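**Student:** First the structure, then my questions, so here it is.
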Amino acid sequence: MLYHLFFPLHETFSVFNVFRYITFRTIYAGITALILCFFLGPWMIRKLTEMQIGQYIREDGPKNHQKKAGTPTMGGILIIFSITLSTLMWTNLTNRYVWIVLLITLSYAFIGFRDDYLKVRKKQNEGLTAREKFLLQTVIAIIVGVLIYMSPNFKTNITVPFLKTVSPDLGFLYILFAAFVIVGTSNAVNLTDGLDGLAIGPVTIAAGTYMIFAYVAGNIKFSDYLQISYVAGCGELTVFCGALAGAGLGFLWFNSYPAQVFMGDVGSLSLGGALGTVAVVTKQEILLVLVGGLFVMEALSVIFQVGFFKMTHGKRIFRMAPLHHHFELKGWSEPKVIVRFWIIAIILALISMSTLKLR
């Protein structure tokens, strides 16, 4: 909105030239989202508490988590509101990719909201069934995959990190690949959201990383110099990623240990879906395995645990899955698990950014 308000004035007033630059709008999109979260946070926490929308803790989880029962949840609504408003204010709304990313964000937020609502209504830690949730996610992800596939001049090849000469073209199968990336990332972030601030920290780090990727991939000179795929128009997603990072920092103020509010599935599913979609649009799909390596570790720990349990008729690899619970049961304090996982996320993000040059 602000972009369209001030952009026409740049020809008359040089002071408005700054609105032409993605970097300027990205910074202020992040600041706007952060301020919205920071100032609306106390009000939302108060409202969620008054409405008795509290977290229900699974009985088979770590015993020390029972004290978290009743903590306001569904705080992801605040994150999504801040991201959406900030994006609408600071991006070029004629850009196709902006609307695609907002579509997946809001759609997955609705799925998460429905799941959280059922948990609160049933007064237990069970909302939508896994099948219902997966089906809804997949249908929406395929629709988004089709929209991306149909975008003008969008290439259906896959970029392989470190191997600049390897770039297989999937053709129309890219739609299914994109859906896999989006759904997988959404669920991986959801599984990571088990400790205070554990998920939102790495999500913010990943958003900052993809903010750089989007800027570079959307700039024909930088993309050519770094020998990465140029995607016309994806530079506007830099602003979206800035808003996501800003909202993440704002929410972390209230979600850090000990958490005053949890994001719930309305936050984790939508943020994961947004990251997956940005990765697809910027042609850095495979690199998401490294950028979001922490989410991958958490998801794989659950897959391996369940698979090993079934094959061995009751034996376990980890003391408990997802992985963060394993370290809790080994005696690590919750803040130690969180901070060490954040450190891992930062290291993986730095390695990921190094691939821009090492190709």
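The values are calculated or read from the model by the stated rules, or taken from the named source; none is laboratory data. What you see is a predicted model, and the numbers here were worked out from it, not measured in a lab. Every residue, glycine among them, receives a Cβ derived from its backbone with ideal geometry; neighbour counts consider all protein chains shown.
**Student:** Can you say whether PHE327 is surrounded by 14 or more Cβ atoms within 10 Å (Cβ to Cβ), without any contact (Cβ under 8 Å) to a residue 40 or more places away in the chain, touching a helix residue (DSSP H, G or I) at 6+ places or on another chain (Cβ under 6 Å) and outside any helix (DSSP H, G or I), as far as the supplied structure shows? First the steps, then the outcome.
**Tutor:** Values: surrounded by 14 or more Cβ atoms within 10 Å (Cβ to Cβ): yes; without any contact (Cβ under 8 Å) to a residue 40 or more places away in the chain: yes; touching a helix residue (DSSP H, G or I) at 6+ places or on another chain (Cβ under 6 Å): yes; outside any helix (DSSP H, G or I): no.
No; evaluated as a whole, the condition is false for this residue.
**Student:** What is the number of the single condition among (1) surrounded by fewer than 11 Cβ atoms within 10 Å (Cβ to Cβ); (2) over 13 Å from VAL261 (Cα atoms) that ILE57 does not meet?
**Tutor:** Of the numbered conditions (1) surrounded by fewer than 11 Cβ atoms within 10 Å (Cβ to Cβ); (2) over 13 Å from VAL261 (Cα atoms), the odd one out for ILE57 is (1).
**Student:** From LEU269, LEU249, grab the single residue that is crowded, with 24+ Cβ neighbours inside 10 Å and either at pLDDT 90 or above or not acidic (Asp, Glu) (or both). Don't jump to the end; show me each part of the working.
**Tutor:** Values: LEU249 fails: crowded, with 24+ Cβ neighbours inside 10 Å.
On inspection, the qualifying residue turns out to be LEU269.
**Student:** Within region 21-125, which helices (runs of 4 or more DSSP H) (wholly inside it) include 2 or more residues that are free of Cβ contacts under 8 Å to residues at least 40 places away in the same chain and within 26 Å of VAL280 (Cβ to Cβ)?
**Tutor:** On the way: elements: 22-50, 76-90, 96-122.
Ranges flagged: 96-122.
**Student:** Any residue that is under 30 Å from THR282 (Cβ atoms), without any contact (Cβ under 8 Å) to a residue 12 or more places away in the chain and more than 19 Å from the chain's Cα centre (by Cα) - is there at least one of those in region 131-140? Spell out the reasoning first.
**Tutor:** Residues of region 131-140 that are under 30 Å from THR282 (Cβ atoms), as a first pass: 133-140.
Next cut, without any contact (Cβ under 8 Å) to a residue 12 or more places away in the chain only: 135, 139.
Imposing the further condition that a residue be more than 19 Å from the chain's Cα centre (by Cα) reduces the set to 135.
Yes, region 131-140 has at least one match.
**Student:** What single numbered condition from (1) surrounded by 17 or more Cβ atoms within 10 Å (Cβ to Cβ); (2) without any contact (Cβ under 8 Å) to a residue 12 or more places away in the chain fails to hold for LEU147?
**Tutor:** (2)
**Student:** Is it the case that region 123-136 has a residue that's buried (at least 19 other Cβ atoms within 10 Å of the Cβ) and at pLDDT below 90?
**Tutor:** So far as region 123-136 goes, yes, one or more of its residues are buried (at least 19 other Cβ atoms within 10 Å of the Cβ) and at pLDDT below 90.
**Student:** Any idea which of PHE295, PHE341, PHE304 is over 23 Å from GLY248 (Cβ atoms) and either of a type outside the set (Gly, Ala, Ser) or not in a helix (DSSP H, G or I) (or both)?
**Tutor:** Numbers: PHE295 fails: over 23 Å from GLY248 (Cβ atoms); PHE341 fails: over 23 Å from GLY248 (Cβ atoms).
Unique residue meeting the criteria: PHE304.
**Student:** Regarding region 190-200, can at least one residue be identified that is crowded, with 21+ Cβ neighbours inside 10 Å, under 26 Å from ILE347 (Cβ atoms) and in contact with a Gly (Cβ under 7 Å, 6 or more places away or on another chain)?
**Tutor:** yes
**Student:** Scanning region 86-139 for residues that are of a type in the set (D, E, K, R) and touching a Phe, Trp or Tyr at 6+ places or on another chain (Cβ under 9 Å), which turns out nearest to LEU36 (Cα to Cα)? Reasoning before the result, please.
**Tutor:** As a first pass, look at region 86-139 and keep what is of a type in the set (D, E, K, R): 96, 114-116, 119, 121-123, 126, 131-133.
Cutting the leftovers down to touching a Phe, Trp or Tyr at 6+ places or on another chain (Cβ under 9 Å) gives us 119, 122-123, 126.
Working: LYS119: 27, LYS122: 31, LYS123: 30, GLU126: 31 Å.
This residue is LYS119.
**Student:** Working only within region 272-286, note down all residues that are buried (at least 24 other Cβ atoms within 10 Å of the Cβ) and either part of a helix (DSSP H, G or I) or of a type in the set (A, V, I, L, M) (or both).
**Tutor:** Answer for region 272-286, where residues must be buried (at least 24 other Cβ atoms within 10 Å of the Cβ) and either part of a helix (DSSP H, G or I) or of a type in the set (A, V, I, L, M) (or both): GLY272, GLY273, ALA274, LEU275, GLY276, THR277, VAL278, ALA279, VAL280, VAL281.
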